[in-house]
Amino acid sequence: MLTANYTAGDKSLTGSLVRGSSTLDFANTVINPNGSFSKGTTISGQFYNNANALAGVYKAGAGAQGDVAFGGARQ
C-alpha cells in the first residue's frame, strides 16, 4: 500500500509494494508540483485524474528483466 502526502511540509510518497519475495520500498520518494514523482533513478511515475490514480515504473538497474511497472487508484 502506498500513501501520498502533499502538504506544505511533506511532499512524499511512502509505503511499499510486495512482488513475490521482493519488496519495493517507496521511502524518500518525492512528489513534484506537476504530479510526477521519483526516487533517484529507481522509481518514477505520474499522478493522473486529479491525483485519483497513479502509474509508474521501478527500475532495478540490472536490465529490463528486473523492472516492475505499477499503477493504482485512490481508495
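The values are calculated or read from the model by the stated rules, or taken from the named source; none is laboratory data. Since this is a predicted model, take the numbers as computed values, not measurements. Because the Cβ atoms are built from the backbone with ideal geometry, glycine has one as well, and the counts that use them run over all protein chains shown. All accessible areas refer to the heavy atoms of the entire protein, side chains included, with ligands and DNA or RNA removed. Shrake-Rupley method; radii C 1.70, N 1.55, O 1.52, S 1.80 Å.
Remark: pairs (first residue in region 44-62, at positive phi; second residue exposed (fewer than 13 other Cβ atoms within 10 Å of the Cβ) and not in a strand (DSSP E or B); Cβ separation under 9 Å; 6+ apart in sequence or on different chains) = N49/R74; A51/R74; G61/T41.
Would a scan of region 30-45 turn up a residue that is part of a loop (DSSP other than H, G, I, E, B), open to solvent by 70 Å² or more (accessible area, probe 1.4 Å) and under 14 Å from Y6 (Cα atoms)? Yes, region 30-45 contains a residue that is part of a loop (DSSP other than H, G, I, E, B), open to solvent by 70 Å² or more (accessible area, probe 1.4 Å) and under 14 Å from Y6 (Cα atoms). For residues that are part of a loop (DSSP other than H, G, I, E, B) and of a type in the set (A, V, I, L, M, F, W, C), scanning just region 11-29, find the one that is least open to solvent (accessible area, probe 1.4 Å). Restricting to residues being part of a loop (DSSP other than H, G, I, E, B) and of a type in the set (A, V, I, L, M, F, W, C), the top hit is F26.
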